[in-house]
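J.: Supplied in structure tokens, the structure appears directly below.
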Amino acid sequence: MARKEIFQFIFCCIGTGVTNFSNQHSGFDLTKFTLISVDLVGYGKSRPAKRRSHRHYWFDAECCHILMREKLQKDHYSILGFSDGGRVGLILGATYPKEITKIVAVGCSCYVTPEEKSALQKIRDISSWSPESRAESEDIYGKELQTIWNAFLDAYFEYTDIFKKEIPNITCPVFVLHGEYDSIVFVEHAHYFKNTLADVKLYVHTKGPHYFHIKYYEIFNKMVQEFLLQ
């Protein structure tokens with residue numbers, strides 16, 4: 001069977017390929033997939049470069065596409081994107097429809113609600129995070145964590161409609177996965193994608209939180225690999 005490539009995006013607001021996708025790196029069948037995990041500019045190991053605030057999703061998409069086409073010389077590839085990474089992946093699908101084979105979009109959206117902004121504002125102060133989440137991020141960013149988190153929220157809160165108008169340009173098959181109890185990106189977005197994308201499969205985990213692909217990685221890995229190999 002021919003090898004297939006997955007371009008594995010990260011949770012752009014301070015996540016990394018290691019912290020967000022470790023269970024996929026260890027759980028995917030590497031005889032069938034080539035996994036390429038990316039820390040976007042300003043996050044993880046892609047520092048000390050600073051994040052770009054204006055239209056940063058489109059900037060991230062272009063950087064990732066240049067990496068695949070010019071650096072790795074991949075003409076066609078699939079995308080696994082979580083949260084912000086899912087937004088970047090879908091924008092790539094809309095911008096380069098002939099080059100993106102499939103997209104797996106996890107816990108993401110194409111618009112932002114006032115209620116979601118309010119929920120994020122409540123956790124702006126990193127002292128409100130769980131000790132585990134804070135320690136994991138502080139291991140990467142140290143004393144810069146609060147500043148980097150603030151910068152993400154300030155940029156994100158500028159959006160209402162992120163890329164609704166680009167949805168009709170996404171023609172490849174898309175697998176949308178979401179946790180029913182996602183308190184960061186509400187599950188309404190999964191149903192919006194179901195009703196607006198041209199070729200879409202939807203799965204909502206009835207017990208899943210925002211990071212359900214980490215907590216329930218076994219069923220997640222099975223479904224995603226099956227989708228990509230179809």
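J.: In square angstrom, what is the accessible area per residue of the chain with a 1.4 angstrom probe?
T.: 47
J.: Give me the percent of DSSP beta bridges within the chain that run antiparallel, rounded to the nearest 5.
T.: Approximately 5 percent, going by the DSSP bridge assignments.
J.: Amide H to amide H, which residues 5 or more places from residue 102 or on other chains are under 5 Å from it, using H placed in the peptide plane?
T.: Close amide H contacts, sequence-distant or interchain: 78, 79.
J.: Any idea what the dipole of the stretch 89-230 comes to, in debye rounded to 20, about its Cα centre with Lys/Arg Cβ at +1 and Asp/Glu Cβ at -1?
T.: On the way: 14 positive and 19 negative charges, 74 e Å.
Taking the Cα centre of the stretch 89-230 as origin, the dipole is about 360 debye.
J.: Could you tell me what percent of the accessible area of the chain is made up of carbon and sulfur, with a 1.4 Å probe and every protein chain present?
T.: 53
J.: Need one word for the chain: rounded, prolate or oblate. Basis is the Cα gyration tensor (sqrt eigenvalues a ≥ b ≥ c); a/c below 1.5 gives rounded, then a/b vs b/c decides.
T.: Rounded, because the longest to shortest axis ratio a/c is under 1.5.
J.: What figure, in Å² to the nearest 10, do you get for the accessible area of residue 125 with a 1.4 Å probe and non-protein molecules left out?
T.: Accessible surface of residue 125 is approximately 80 Å².
J.: Right, another one. Can you pull the accessible area of residue 128 for me, 1.4 Å probe, Å² to the nearest 10?
T.: Ignoring ligands and nucleic acids, residue 128 comes out at about 60 Å².
J.: Residue 74: which lysines have alpha carbons under 19 Å from its alpha carbon, excluding same-chain residues fewer than 8 sequence positions away?
T.: 4, 32, 98, 102
The values are calculated or read from the model by the stated rules, or taken from the named source; none is laboratory data. The structure presented is a predicted model; accordingly, all values stated were derived computationally and were not measured. Positions of Cβ are generated from backbone atoms using ideal geometry, with glycine treated the same way; all protein chains shown enter the neighbour counts. Areas reflect the complete protein model, heavy atoms only, side chains present, ligands, DNA and RNA absent. Shrake-Rupley method; radii C 1.70, N 1.55, O 1.52, S 1.80 Å.
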